Amino acid sequence: MTNGLAPPLLSVPRLTTLTASLLVALSSGTGYLFSAWAPQLGAKLHISHTQINLIGLAGMAPQPVLRYQDLSGAGHSGLKYFFDAGVPQGADSISTFVFVSLVLCSCMTGIGASSGGTGATNATAKSFPDKARATATGIVISGYGLSAFVFSAIAHMLFAAGNTSAFLLLLAIGTSVPMLVGTFLVRIIPLQSPGAGERKAATSTSALPVDESRVGLLEHEDSDVEFVELDGFSEEHGDFSQKRKYGTSPNIFGAKLWKSYDFWLLFTLLSLLAGTGLMYISNVGAMSQILYAKNNPKYDEVEVAKWQTTQVSTISIMSFSGRLLIGIVSDIAKNTLGLPRSYCLILVSIGICLSQVIAANIDKITSLWLSSSILGLSYGSLFSLFPQVCIDWFGLPHFAENWGYLNLAPMVAGNIFMLFFGRNLDAHEAISHSTSATSRALSALMRRAGGLSQPGETPKCLEGKECYVAALHLTAVMTFGCILLSVVAAWRDRRKGLVVVDDVDVDEK
């Protein structure tokens, strides 16, 4: 289909792509559900919190160069198989082979979710013009955040609470079918070419110079950056200065991307902010268990499971809201106020930092929803905003490749934060084991039953938030640094925009 025959903005093909992409996104956000079943998996297979976090990390390790969205269902099926098998009779724990297999299955879920999600986001971003792109992609990306709530609600209707095996089966089926549907319905719909009158009007819009500012995001405005026309503009409209007036976007990719200061600025921000979110989301189930167990002589596993689900659902709903709202807010900031979308990075950084500070001061399970709400809202906003900033800074033609590289960022800080949380919690359990008479009695009972230190059963660490607060202090400091980096990013973006506006005014005179 040529640009001249491209369907209008609100057309059946374009809305079909949007709807199918949202469906795929809903099946790609199952990583939020890790805390809903991971403690139970650890309890049944006798593995520590550090090992649980290693499994969680594998599921958060997307491979941007692959397109194997069907692996998500296969990975969840494998997790269900090993959960059902349990620990072999007469053994104290699972074998190394089984543990490695669990890690690989979790990795498969991450690869599948990342592949489906990246494809859906890429198709939506390239199917809608700049004036509606952030809102459209925000709708799709919001599906990631809502995914956990949707699956939790379905599970609540279909089977009793605590049925982890049935829940993993639901995830296996629920991630496979939408991916299959998306294979046929998610496609890029070409954009309409604006007429000559629209081109003339484009030169006077306040938002246009902001797009052109991406020319100067690298250190040099020379032939190292390839420029392409936005929204169907042809490259045959004259010389470079004339094309800048009509609206150009940088096309930065490959080696030039890796040499860009701006890429590493975004990479660092995304790594620290998303890594913090991954640590919290993956361990909020364990946090719920610990806060519930403190000063509670009667430990009810069913009641604890409900608190875990409450945290997961809260994060999911707030993440959905954040992913949707930030797209609208960033579009207003850019198209109405003439501000770069990168200004919204400051808001996101403040929100994630605030969630860690609040969580570090919560010592009752009934108050944990507050930090979960703020974290969910900010984390969802983060993953809706960053793709838009990626497009604004580096261009649309290679968005899938560039966003795939940025998607590796959460693994850097995420590895550090999650392993620190797990090892810190295991260390506190060991201390409690040696100093608490109650813990010693419980440990002896578990040894007689052939058990080890297991998340999901009565926690060995009965100190409340002190069991894990050191990890929250670490992430609070790191995310405070992100606030400062976000200010630098917004200032740099705005400064480049003002320089380009002055250049355009001189050209017109």
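The values are calculated or read from the model by the stated rules, or taken from the named source; none is laboratory data. In this text, all values refer to a predicted model and were calculated from it rather than measured experimentally. Every residue, glycine among them, receives a Cβ derived from its backbone with ideal geometry; neighbour counts consider all protein chains shown. The area values use the complete protein model at the heavy-atom level, side chains included, leaving out ligands, DNA and RNA. Shrake-Rupley method; radii C 1.70, N 1.55, O 1.52, S 1.80 Å.
The table below gives the values:
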{"read-out": "All positions within region 352-365 that are within 16 Å of C482 (Cβ to Cβ) and open to solvent by 10 Å² or more (accessible area, probe 1.4 Å)", "value": "C353, L354, V357"}
{"read-out": "Candidate set from region 352-365 (those that are in contact (Cβ under 8 Å) with a residue 40 or more places away in the chain and in a helix (DSSP H, G or I)); member that is farthest from S115 (Cα to Cα)", "value": "I365"}
{"read-out": "Residue in region 19-37 that is in a helix (DSSP H, G or I), surrounded by fewer than 19 Cβ atoms within 10 Å (Cβ to Cβ) and either modelled with pLDDT of 80 or more or among the β-branched types (V, I, T) (or both) present", "value": "yes"}
{"read-out": "Helices (runs of 4 or more DSSP H) enclosed by region 401-509 - at least 2 residues per element that are modelled with pLDDT of 60 or more and surrounded by 14 or more Cβ atoms within 10 Å (Cβ to Cβ)", "value": "409-435, 469-508"}
{"read-out": "Options L368, L382, L337, L396: the member that is of a type outside the set (V, I, T), surrounded by 21 or more Cβ atoms within 10 Å (Cβ to Cβ), out of contact with any Phe, Trp or Tyr (no Cβ under 7 Å at 6 or more places or on another chain) and part of a loop (DSSP other than H, G, I, E, B)", "value": "L396"}
{"read-out": "Every residue from region 293-313 that is open to solvent by 30 Å² or more (accessible area, probe 1.4 Å) and part of a helix (DSSP H, G or I)", "value": "E301, V302, E303, K306, W307, T309, T310"}
